[in-house]
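The values are calculated or read from the model by the stated rules, or taken from the named source; none is laboratory data. Keep in mind it's a predicted model, so treat the numbers as computed, not measured. Methodologically, a virtual Cβ is constructed for each residue, glycine included, from the backbone with ideal geometry; neighbour enumeration extends over all protein chains shown.
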Amino acid sequence: MSLSHETMLDVMAYVDGELEGDALDRTESLLASDEDASRLALELRTLGDCVRIIQTDRAQGRNPDEIADDVMKALDKKIVAIAPLATRRRNAIIVGSISTAFAIAAAWFLLVNNDSPLPGAPLPQTVAQVSVQPPIAVPAIPTQTPTQVGVDPEKMAAEAYLQSGVDIESVDSPKHEVSVFYVPGTASANPNASSVVVWIGEDEQK
Amino acid sequence: MSAGDSVLKRLFKRRKFLQATALMAMVVAGGWLAFPKTANADADPQADIIELQGTTTPGAGSIDPRVANVAQLKKPPLSAYNTYKLLNRATFPVKKGVPSSYTLKNGRILQLTFEDMSKDNRYRVLTTISEPNGKDFLSRLEVLHGANELLAVAGQWLDPKHHDKGALVLGITIHP
């Protein structure tokens, strides 16, 4: 995927229904013409669909196993389609394979209060009180190539975020599941930069 | 050549020397002022570590005022906990190629190794976490840190035997 960080934010805002006017028109035309952008929109929408299924099931009082079944059934029926995420530039053992399955698992961990030990992370004891938001904001790290660095001021501004923020180059944790969350808008120096939350599960994988 | 010519020539040479010296001083001073000091590849950066206890409590919860400016705590996934308490804060140098160790509140050992500066002027730091018995918990996490930007590491129990004590959330910041 070769989308700029700025473009990814636009696509995210589009999927969240936050765009209006020129920005909406511009992003819609981008989605119509750019395969990477449309794939990203599909991935984000997929996450939203999964979260909505979980929310609906929770509202109906279904238990975590039933919720997981519903999500998997939806996937089987292709109600939601999961597209592969872009791979990272090197040693992408984990980062490059941050898949929608991680997103589903993370959303599930955040939304469902489950007392049974689950692989992944310690769960808050009263998760139901946590506000419900899509757990992954940026599913893939934009790959910048030297050819994208030019004299175009907009491109240069989009690249500026690289000089701040946090970026994961490689992760290796054979025994513990690791999820990487990019959190845009929380880096101190640059509004285009992302900070990162690395979530390491306590339970050992077999 | 007369004596007067020789004196004039020496004075001229001395003036040239003074002019050249002044020019070099201006160039050095200009360069020192013009270039940012954040990218001193020779100096060892400092690591700031904060250890937070994350729990979910009834109601709105609370965030320790000492970390109230950490925006990440209020956004997913860290907003899964609505209460954060600062347990410890430490600052230590991270030397190039030499692991710096720090014992976490849950007994595990955090190691940070400054590898080099990236092309985009960020700190490439290798992070590992091991069990007290030496086994790997996190074998390798290679991160590009923008100066003063926070990397959060979550998912660990504060006390693996007492889950009611909540989660241990680390904040790692690298700065010049």
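So here's what we get for this one:
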{"read-out": "Total residues in region A:153-179, condition buried (at least 20 other Cβ atoms within 10 Å of the Cβ) and either assigned to a loop (DSSP other than H, G, I, E, B) or at pLDDT 85 or above (or both)", "value": "11"}
{"read-out": "B:A47 vs. criteria within 22 Å of the chain's Cα centre (by Cα), at the interface with chain A (Cβ under 8 Å from one of its Cβ atoms), surrounded by 15 or more Cβ atoms within 10 Å (Cβ to Cβ) and of a type in the set (G, A, S)", "value": "no"}
{"read-out": "Hey, B:N82 at pLDDT 65 or above, out of contact with any His (no Cβ under 9 Å at 6 or more places or on another chain), of a type in the set (S, T, N, Q) and within 29 Å of B:P176 (Cα to Cα) or not", "value": "no"}
{"read-out": "Which listed residue is within 14 Å of chain A (Cβ to nearest Cβ), small (G, A, S) and without any contact (Cβ under 8 Å) to a residue 12 or more places away in the chain, from B:A80, B:A68", "value": "B:A68"}
{"read-out": "Qualifying residue in region B:128-146 (condition: within 20 Å of A:Y182 (Cβ to Cβ), assigned to a loop (DSSP other than H, G, I, E, B), within 9 Å of chain A (Cβ to nearest Cβ) and in contact (Cβ under 8 Å) with a residue 60 or more places away in the chain)", "value": "no"}
{"read-out": "Checking B:E142 against (1) in contact with an Asp or Glu (Cβ under 6 Å, 6 or more places away or on another chain); (2) more than 17 Å from A:D172 (Cα to Cα); (3) not basic (K, R), the condition it does not meet", "value": "(2)"}
{"read-out": "Members of region B:107-124 that are more than 10 Å from chain A (Cβ to nearest Cβ) and in contact with an Asp or Glu (Cβ under 7 Å, 6 or more places away or on another chain)", "value": "B:R108, B:F114"}
{"read-out": "Qualifying positions in region B:138-176 - crowded, with 20+ Cβ neighbours inside 10 Å, over 18 Å from the mean Cα position of the chain (by Cα) and on the phi < 0 side of the Ramachandran plot", "value": "B:L138, B:A154, B:Q156, B:L158, B:A167, B:L168"}
{"read-out": "Options B:A167, B:A154: the member that is small (G, A, S), in contact (Cβ under 8 Å) with a residue 60 or more places away in the chain, within 10 Å of another protein chain (Cβ to nearest Cβ) and farther than 17 Å from B:D48 by Cα", "value": "B:A167"}
